[in-house]
Amino acid sequence: MAIHKVLIVDDARPDLMNLERIVSSAGYTTITATNGQQAVEISKAQLPDVILMDVNMDQMDGFAATRAIGGDAATKSIPVVLVTSKNQKADRVWAQMLGVKGYVTKPYTPDQILNAITACA
């Protein structure tokens, strides 16, 4: 699968802007959302190739958004990579149970983000 469009979801503006800079500098088209509910809506409307999702967000956290995206026939095939400060084993296990394709902890390097995206191809 060729990756062209990446949805970036983070409620912290500096993190969102940093991820957008990293991803767009690598030549990908970016779409952004600032909470899980927006991520669910945008994923249905835009059908991105990959979603980079924070976990700790208002309105709907990244775990709930990932579950909603994975449970919808229109979006269930979109790979989700969690980009989060949550680094406990339980968080990683829960993420695996939800079917995430990658898990990157903050702070991260640009290479970690780009490698996670290419691993979804």
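The values are calculated or read from the model by the stated rules, or taken from the named source; none is laboratory data. Bear in mind the structure is a predicted one, so any value in this text is a computation, not a measurement. Cβ atoms come from the backbone with ideal geometry, glycine included; neighbour counts cover every protein chain shown. When the accessible area is computed, the model is the full protein with side chains, heavy atoms only, and any ligands, DNA or RNA have been set aside. Shrake-Rupley method; radii C 1.70, N 1.55, O 1.52, S 1.80 Å.
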Long-range amide H contacts for T32: which residues qualify at under 5 Å (H placed 1.01 Å from N, peptide plane, sequence gap of 5 or more or a different chain)?
I8
In whole Hz and in residue order, list the ³J(HN,Hα) couplings for segment 21-29 that follow from phi through the Karplus curve 6.51 cos²θ - 1.76 cosθ + 1.60, θ = phi - 60°; x for Gly and Pro.
5, 4, 5, 5, 5, 8, x, 8, 7
Shape of segment 1-56, Cα gyration tensor, a/c cut at 1.5:
oblate
Cα gyration tensor of the chain, axes a ≥ b ≥ c as square roots of the eigenvalues: rounded (a/c below 1.5), prolate (a/b > b/c) or oblate?
rounded
Please identify the trypsin sites (Lys or Arg not before Pro) of segment 44-121 that satisfy two criteria: DSSP loop assignment and at most 14 other Cβ atoms within 10 Å. Which are they?
K76
Kindly report, to the nearest 10 Å², the accessible surface of M17 as traced by a 1.4 Å probe over protein heavy atoms only.
100 Å²
Tell me, what is the per residue accessible area of segment 22-117 in Å², probe radius 1.4 Å?
49 Å²
Place a +1 charge on the Cβ of each Lys and Arg in the chain and a -1 charge on the Cβ of each Asp and Glu, then give the dipole magnitude about the Cα centre in debye, rounded to the nearest 20.
280 debye
Where the centre of each part is set by its Cα atoms, how far does segment 54-121 sit from segment 1-46, in angstrom?
12 Å
Once a ≥ b ≥ c are taken as the square roots of the eigenvalues of the Cα gyration tensor of segment 51-121, is the result rounded (a/c under 1.5), prolate (a/b larger than b/c) or oblate (a/b not larger than b/c)?
oblate
Would you work out which of A26, C120, V81 lies farthest towards the positive end of the dipole of the chain, given +1 charges on the beta-carbon of Lys and Arg and -1 on that of Asp and Glu, about the Cα centre?
C120
With a 1.4 angstrom probe the carbon and sulfur portion of accessible area for the chain, in percent, totals 49 percent
